[in-house]
Each structure stands twice: as structure tokens, then as C-alpha cells.
Amino acid sequence: MIRQKKRSKNQRRLPKVHIKIEDGRFQIMGMGSWHNYWRDPYHLMLTISWSGFFIISSGSYVAINTLFALAYLAGGDCIENARPGSFLDAFFFSVQTLASIGYGAMYPKTTYANTIVTIEAMMGLVGIAVMTGLAFARFSKPSARVVFSRVAVIAPYDGVPTLMFRTANKRRNQILEAQLRVYLMRDEVSAEGQFMRRFYDMNLVRSQTPSFTLTWTAMHPIDESSPLYGMTAESLIATKTSIVASLSGIDETVVQVIHARHTYSAHDILLNNRLVDVIYHTPDGHRYIDYNYFHEVVSLESED
């Protein structure tokens, strides 16, 4: 009989994370995920939206000055030219101290006040360095403006059923040494009855390009080696199949590696459809791209 080891007092109990799978996409549910975010504040401040970043920064700034204002009030009449017992005077004196402004109208006049000022000044130096670093990290973080077609289609190409979707670079620059990798995920049950979420690599006709400027159509032939071989629309839904496309490359503007990712659920994979052409020819022999039809598809049955 196997006995479970007792958890030691030093071992921290991990929070429970609930995962919901809907249309092949993973969703983290519950407050456990937020609990982990607050235990990793640096990651939170880098990934949160700009509005959330300013709200948290402003709230923290007000909270710190409020705590120091209460500390000054606890010392009695310790600030020169401040009204005794005035929270506003103590608060704005804290603002001047934390930012190293020092107008000179108010200044500490007791040892207690000087001690609090010393602590607050040190905290202000650290706070300015931290906020400068966070702002720089957010501004300098490379980002990709890459769009994927809303759906993927399966249609014959050179006589072979082929999974196809396309992606486009929305910036007017080049993504150098771009690479595109595609994975298939689905639920499977082994011969022993063990459930598993399996991952498969999907081979593409072209998985890399020296320069990604406009559009790129990814094509995966569905032959006997393909994980999609023999699957139907019903089996895709039943196995909660999803396809993940991951694109990476070097942005020529900032010379940094950028990443973009998109997930297609089983409902986003359309059989017997093809993508509408977006490349057109002008009367004088030039070619242009019309992105208005980037997400459009046409049924092969309607063409027949």
C-alpha cells in the first residue's frame, strides 16, 4: 500500500486553477490566477493594459503618500509651517518629500519628522527607479501587428486536401527570417482508457520565409502522415480539436524578435471552402492587395 507523504510545514499549498475548454480554447477560471498575478507584480505590470498600469501606479502613489501623511500626523506638530493636525498639509508635504521637490515652505522640525523624511526619501529614490524601469520595459517591449484569417479552410490543392489559412503583416515594414509553426491539439483516450490532450506538429508546404511583408498563406497537405487525415467536421468537434499557429521573426525596425499566435477551434475550420483571392491585377499590369476580402471564404459547392 502506497502512503502519501505528509506535507511539511514549509511547503506552501499551491492555489487551485480551474481550466475551461470551450471550442478547443483554454480559459483559466477562478481567482487563483489573479492570486498568482499579485504574487508576481513585475509580470502583472508588464502585461496589464496601459489604463490598468496608470490606475495601479496612481493608486499606489496615493496610498504611499497617505501612509506617510498619517505617520507625520502621529508625530504631532513636527512639520514647520504646517497646520497642526491637518491631513492635507501632511499629505502634500509627503508628496514633496517623495518626489524630492522640497519647496522649502514646509520642512521637518523634529528628530521624529527627520527620521520619517529619511525613510520616505529612500523609498522615493527606489520608487522612481522602479517606475522608470517599468515604463521603459513596456515601451521597449517588441510587439507584432500580425493578423490571421478568422477561419481556416480545407480545400483541394494540386489534388490533395489541404488545410489553409493566411496571415498578414499590418505594419509597413518587413519581418525578417519569419518562421511559422502549426500545432494540432485534441482529446484522445489511450487503449488503456487514459485521457490525454495530445499535441501534433503539422508540416507546412513552406514554414519559413526570408522576408514577410504582405501576406502569407499557410498550407498543410492532409495526407496519411497528417493528424487531420480521416477526420470529419463532427470528429473535430467531438475531440475538441484546435489548431495553434505561432509566427516569429525579426522586426527590421527595432531589430528584435517578435511573436504572434492565433488559435483556430473546430468551429473555425471550414471544410469544402476556399479563401477568397486578395491579389488583383490592374489594367497596366501591376498587382495590388485588397485586404477587404482577407477574411472572406467561398464554398466550393457554390462554385460548382
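Residues that are closer than 30 Å to residue 54 by Cα, within 25 Å of the chain's Cα centre (by Cα) and among the basic types (Lys, Arg): does region 148-157 have at least one?
No - not one qualifying residue is present in region 148-157.
Considering (1) of a type in the set (A, V, I, L, M, F, W, C); (2) closer than 15 Å to residue 245 by Cβ; (3) more than 25 Å from the chain's Cα centre (by Cα); (4) open to solvent by less than 90 Å² (accessible area, probe 1.4 Å), say which one residue 160 fails and leave the rest.
Residue 160 satisfies all of (1) of a type in the set (A, V, I, L, M, F, W, C); (2) closer than 15 Å to residue 245 by Cβ; (3) more than 25 Å from the chain's Cα centre (by Cα); (4) open to solvent by less than 90 Å² (accessible area, probe 1.4 Å) except (2).
If you go through region 248-278 one residue at a time, how many are under 18 Å from residue 211 (Cβ atoms) and in contact (Cβ under 8 Å) with a residue 40 or more places away in the chain?
Restricting attention to region 248-278, the residues satisfying the condition of being under 18 Å from residue 211 (Cβ atoms) are 248-260.
From what is left, the residues that are in contact (Cβ under 8 Å) with a residue 40 or more places away in the chain are 248-254, 256-260.
The number of residues fulfilling the criteria is 12.
Output the residues belonging to region 212-229 that are surrounded by 13 or more Cβ atoms within 10 Å (Cβ to Cβ) and either out of contact with any strand residue (DSSP E or B) (no Cβ under 9 Å at 6 or more places or on another chain) or part of a strand (DSSP E or B) (or both).
Residues satisfying the conditions are 212, 215, 216, 217, 218, 219, 220, 221.
What pairs come out if I take residues in region 220-235 that are more than 21 Å from residue 189 (Cα to Cα) and pair them with residues that are outside any loop (DSSP other than H, G, I, E, B) whose C-beta lies under 6 Å away, six or more apart or interchain?
Filtered contacts from region 220-235: 220/163; 220/202; 221/160; 221/162; 222/161.
Which residues, counting only those in region 258-273, are over 17 Å from the mean Cα position of the chain (by Cα) and of a type in the set (S, T, N, Q)?
Answer for region 258-273, where residues must be over 17 Å from the mean Cα position of the chain (by Cα) and of a type in the set (S, T, N, Q): 265, 272, 273.
Could you tell me which numbered condition residue 209 fails, if it satisfies all but one of (1) part of a strand (DSSP E or B); (2) open to solvent by 40 Å² or more (accessible area, probe 1.4 Å); (3) without any contact (Cβ under 8 Å) to a residue 40 or more places away in the chain; (4) within 24 Å of residue 295 (Cα to Cα)?
Every listed condition holds for residue 209 apart from (2).
Filter region 241-250 down to the residues that are touching a His at 6+ places or on another chain (Cβ under 6 Å) and either crowded, with 20+ Cβ neighbours inside 10 Å or not hydroxyl-bearing (Ser, Thr, Tyr) (or both) and list them by number.
245
Within region 251-304, considering only strands (runs of 3 or more DSSP E) that don't extend past its boundaries, which have at least 1 residues that are open to solvent by 60 Å² or more (accessible area, probe 1.4 Å) and of a type in the set (Val, Ile, Thr)? Please lay out each step first, then the result.
Numbers: elements: 256-265, 269-271, 273-275, 279-281, 287-289, 297-299.
Because the criterion is at least 1 residues that are open to solvent by 60 Å² or more (accessible area, probe 1.4 Å) and of a type in the set (Val, Ile, Thr), the strands (runs of 3 or more DSSP E) in region 251-304 that meet it are 256-265, 279-281.
Just need a number here: residues in region 270-284 that are among the polar types (S, T, N, Q) and under 20 Å from residue 161 (Cβ atoms).
2
Is it the case, given these coordinates, that residue 60 is over 15 Å from residue 123 (Cβ atoms) and free of Cβ contacts under 8 Å to residues at least 40 places away in the same chain?
Spelling it out, it is not the case that residue 60 is over 15 Å from residue 123 (Cβ atoms) and free of Cβ contacts under 8 Å to residues at least 40 places away in the same chain.
Among 111, 118, which is free of Cβ contacts under 8 Å to residues at least 40 places away in the same chain, surrounded by 12 or more Cβ atoms within 10 Å (Cβ to Cβ) and of a type outside the set (Asp, Glu)?
It is 118.
Report yes if residue 182 is open to solvent by less than 50 Å² (accessible area, probe 1.4 Å), among the hydrophobic types (A, V, I, L, M, F, W, C), closer than 30 Å to residue 49 by Cβ and outside any helix (DSSP H, G or I), otherwise no. It would help to see each step written out before you state the result.
Working: open to solvent by less than 50 Å² (accessible area, probe 1.4 Å): yes; among the hydrophobic types (A, V, I, L, M, F, W, C): yes; closer than 30 Å to residue 49 by Cβ: yes; outside any helix (DSSP H, G or I): yes.
Against the criterion (open to solvent by less than 50 Å² (accessible area, probe 1.4 Å), among the hydrophobic types (A, V, I, L, M, F, W, C), closer than 30 Å to residue 49 by Cβ and outside any helix (DSSP H, G or I)), residue 182 qualifies.
Do we have residue 143 as closer than 30 Å to residue 243 by Cβ, open to solvent by 40 Å² or more (accessible area, probe 1.4 Å) and of a type in the set (Gly, Ala, Ser) here?
Answer is yes for this residue.
The values are calculated or read from the model by the stated rules, or taken from the named source; none is laboratory data. Given the structure is predicted, the values throughout are model-derived calculations rather than measurements. Glycine gets a Cβ as well: all are built from the backbone with ideal geometry, and neighbour counts include every protein chain shown. Note: areas computed on protein heavy atoms with side chains; ligands, DNA, RNA excluded. Shrake-Rupley method; radii C 1.70, N 1.55, O 1.52, S 1.80 Å.
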